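The values are calculated or read from the model by the stated rules, or taken from the named source; none is laboratory data. The structure presented is a predicted model; accordingly, all values stated were derived computationally and were not measured. Every residue, glycine as well, gets a Cβ built from its backbone with ideal geometry; the counts of neighbours run over all protein chains shown. Each accessible area value is taken on the protein alone, full model and side chains, heavy atoms only, with ligands, DNA and RNA left out. Shrake-Rupley method; radii C 1.70, N 1.55, O 1.52, S 1.80 Å.
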Amino acid sequence: MQASWVQRWNNLNIYHHINMRKVQQKVILLIMSSAIFALFLHYKQGKLNFQNVNPQYSVTEAQESRKAAVRSVCKSNNLSSSSFALDRKVAAQLYVDHSHRFIYCEVPKVGCSNWKRIILLLNESFGHTSYELQHYQVHNSKQLKKLSEYPPSGQKEFLANYTKVMFTRDPLERVVSAYRDKFLHEDDVYYRENITKLIKKSLGIQSKTNITFEQFANFITKENPYYRDTHWKPMYQLCEPCNIQYDFIGKFETLADDADFVLKIIGAPKKLKYPTMKHHANESRTNYDISIRYLEMLPPVLFRKLLSVYSLDFSIFDYSYYQTTISKLPKTT
């Protein structure tokens, strides 16, 4: 399509130089103007989304690139160990489905609730559909088995022989999602009360109002990393990709294609599809535009500190920094 418009421009120039009749020029210009106006209308109506459309995406090629990035960054930062012993906190993030020899590493705010639904539904005797499983049921089901529940010998065997999968998300978008989900809703009493009190005490805040995103970000940059909550703990620390060789590294940004591929490689029933359920059904899912609005509230110094907390997540999982936000920050602060 683009080449044809270029050709028409060339024709228009030729017509001009050889003094072709003006009516021909007007016809060509009219056609071009109509096409441009049509594109403009499509853009304004949201029918064109150049940022998210990627018809060239290949799951297999993406896997090669993602795994290569993990290997490279882990090696350059000396994060891999030949004498690696699985940490109990990491083992508690790994969910095991024996029926399909499948291990999933839970990364909160990266579709983990729906992946737990998948694990429960892989057991065909469970007798439910994904939409019958409520948020509380999914996260508290006794039928979900963690790798930490098995002895070291069993953990080693499963890691060596089962298909291991983890999913990632842009690190700062994940932080914004955690804040919106845990501190802006009355139904999450634990975070609204207990964790809010912890954050206020840590920062010396006397106000009884809810914490702001700036206060939340400030807390993240100052808290003890060892005790950091899983909802905003760096992804590489949750899943140890430098020492656990994951068979598949999916991304929230390509979730639909990646999830379909995972279900195929583990031999899931064809009727089983990755759910699209949200915890707060009436709220917009955290996306790039929403994240930018929150991140631009942060003072430049705090923003850079927040970036540094997740610098390895950006590198290991091959994410670009939020260029729109960074470009607006002063060069020196």
Next on the checklist: With the condition being under 29 Å from L255 (Cα atoms) and of a type in the set (A, V, I, L, M, F, W, C), I'd like the helices (runs of 4 or more DSSP H) fully within region 163-228 carrying at least 2 qualifying residues.
Outcome noted: 171-183, 213-222
Next on the checklist: Where the second residue is open to solvent by 60 Å² or more (accessible area, probe 1.4 Å) and the first is within 15 Å of Q245 (Cβ to Cβ) and lies in region 147-160, which pairs have Cβ atoms under 9 Å and are six or more apart or on separate chains?
Outcome noted: F158/H98; F158/R101; L159/Q245
Checklist entry - So which of P241, P275, P330 is of a type outside the set (S, T, Y), modelled with pLDDT under 95 and crowded, with 18+ Cβ neighbours inside 10 Å? => result P275
Checklist entry - Considering P108, P171, which residue is in contact with a Phe, Trp or Tyr (Cβ under 6 Å, 6 or more places away or on another chain), modelled with pLDDT of 95 or more and open to solvent by less than 20 Å² (accessible area, probe 1.4 Å)? => result P171
Checklist entry - Among the numbered criteria (1) free of Cβ contacts under 8 Å to residues at least 60 places away in the same chain; (2) in a loop (DSSP other than H, G, I, E, B); (3) not small (G, A, S), which single criterion is violated by I244? => result (1)
Item to check | Residue check, I249 buried (at least 20 other Cβ atoms within 10 Å of the Cβ), outside any helix (DSSP H, G or I) and in contact (Cβ under 8 Å) with a residue 60 or more places away in the chain | outcome: yes
Checklist outcome for this item: Being of a type outside the set (S, T, Y) and at pLDDT 95 or above narrows K182, K142, K208, K164 down to just K164
